[in-house]
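Input: a single structure, listed below in structure tokens.
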């Protein structure tokens, strides 16, 4: 998971910790925003509670008034209408709570999605790519054929100023099968990945 060379390994470790902190910070921000937006539903909860309470009281009164002989049915009509209005008020409060909950969820997910996408689609593929490359390099670096492959990759991908430091005829030396040149080029490629050269045999 980490390089052999301390500076590269330390950089990778710090980057990994930074990414973990980044994810944690944005999740905490999403939760905070979610809680903040859900507070918009508090008036709706109070409205629902009040409407339900009023409707219940009016229903009780309507039931008692309905027992009055002869005119009971006529007296209950206003209380029934008022109870229905209170129930509609309670339903409006419930809908307001639902809207606040849905809005809180959408906003918090939108806030978290962007930073997580950066991690999943940029940092993680790069990290996995390095791990795959480093894993293959570690497997082949102690093999003669692997040394040659690493040397070839260095010749193909390393900047010219790095290659010329190994000698002006480094490519010719590699073509001639010079073991020292092959090892130097392989070590250059391994160093770029933060890996130590092959152990001396």
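The values are calculated or read from the model by the stated rules, or taken from the named source; none is laboratory data. Everything quoted here is computed from the prediction, not taken from an experiment. Every residue, glycine among them, receives a Cβ derived from its backbone with ideal geometry; neighbour counts consider all protein chains shown.
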Do the conditions hold for residue 57, that is, is it farther than 30 Å from residue 1 by Cα, exposed (fewer than 13 other Cβ atoms within 10 Å of the Cβ) and out of contact with any helix residue (DSSP H, G or I) (no Cβ under 7 Å at 6 or more places or on another chain)?
-> no
Can you spot a residue in the range 81-101 that is under 25 Å from the mean Cα position of the chain (by Cα), at pLDDT 85 or above, surrounded by 14 or more Cβ atoms within 10 Å (Cβ to Cβ) and assigned to a helix (DSSP H, G or I)?
-> yes
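Just to verify a result, which residue in the range 172-184, among those that are touching a helix residue (DSSP H, G or I) at 6+ places or on another chain (Cβ under 6 Å) and at pLDDT below 85, is nearest to residue 144 (Cα to Cα)? Step through it out loud before you land on a result.
We begin by selecting, within the range 172-184, every residue touching a helix residue (DSSP H, G or I) at 6+ places or on another chain (Cβ under 6 Å); these are 173-174, 181-182.
Narrowing the set further to residues that are at pLDDT below 85 leaves 173-174, 182.
Values: 173: 16, 174: 13, 182: 9 Å.
Top of the filtered list is 182.
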Taking interchain pairs and intrachain pairs at least six residues apart, which have beta carbon atoms under 9 angstrom, with the first residue in the range 78-94 and more than 14 Å from residue 58 (Cα to Cα) and the second surrounded by fewer than 14 Cβ atoms within 10 Å (Cβ to Cβ)?
-> 93/43; 93/46; 93/49
Breaking point among (1) touching a residue at least 40 places away in the same chain (Cβ under 8 Å); (2) in a helix (DSSP H, G or I); (3) in contact with a helix residue (DSSP H, G or I) (Cβ under 6 Å, 6 or more places away or on another chain), for residue 138 = (3)
Kindly establish whether residue 152 is within 43 Å of the chain's Cα centre (by Cα) and surrounded by 15 or more Cβ atoms within 10 Å (Cβ to Cβ).
-> yes
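Looking only at the range 174-192, which residues are surrounded by fewer than 19 Cβ atoms within 10 Å (Cβ to Cβ) and either in contact (Cβ under 8 Å) with a residue 24 or more places away in the chain or on the phi < 0 side of the Ramachandran plot (or both)?
Here is the first cut: in the range 174-192, the residues surrounded by fewer than 19 Cβ atoms within 10 Å (Cβ to Cβ) are 175-180, 183, 191-192.
Within the range 174-192, 175, 176, 178, 179, 180, 183, 191, 192 qualify.
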Could you tell me which residue of the range 1-14 is farthest from residue 88 (Cα to Cα), considering only residues that are loosely packed, with under 14 Cβ neighbours inside 10 Å and touching a residue at least 12 places away in the same chain (Cβ under 8 Å)?
-> 7
